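Only the coordinates and a few stated rules stand behind these numbers; no lab work does. Predicted, not measured: the structure shown is a model, and the values here were computed from it. Neighbour counts run over all protein chains shown; Cβ positions are idealised from the backbone, glycine included.
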Amino acid sequence: MMKTVQMTIDEELLKAVDTTVRDLGTSRSAFLRDALQQALKQLQIAAMERQHIAGYERYPVEPGEFDVWQNEQIWEKAA
């Protein structure tokens, strides 16, 4: 279900959006929906990255923990 919303936007930004949507052959609404979805996805990714970093800060990698994978990182040169 779609909802209609009103928003306040700077004139210069609106001009840039209008130029872009004209060039893309889309509408303001579609462009802004896509932009909002991408912004939300980026925020979600940033939150997961912070979680990942916090996990490694709480439980740092121990010396030797990944030694079993050391040989997997060596690439043979093609003949």
Quick calc, the chain, dipole around Cα centre from Cβ unit charges on Lys, Arg (+) and Asp, Glu (-), nearest 20 debye, gives 540 debye
The stretch 36-79 and the stretch 2-24 have their Cα centres apart by a whole-number Å value of 37 Å
What the Cα atoms of the stretch 1-52 span along the principal axes, largest first and in whole Å, is 40, 26, 22
Two pseudo-spin positions, 7 Å from Cα along C-beta at residue 45 and at residue 68, lie apart in nanometres by 3.2 nm
Quick shape check on the stretch 17-77: root eigenvalues a ≥ b ≥ c of the Cα gyration tensor, a/c under 1.5 is rounded, otherwise prolate if a/b tops b/c, else oblate, and it reads oblate
Projected onto the charge dipole of the chain (unit charges on the beta-carbon of Lys, Arg, Asp and Glu, signs +1, +1, -1, -1), the Cα from 16, 42, 78 with the largest positive-side position is that of 16
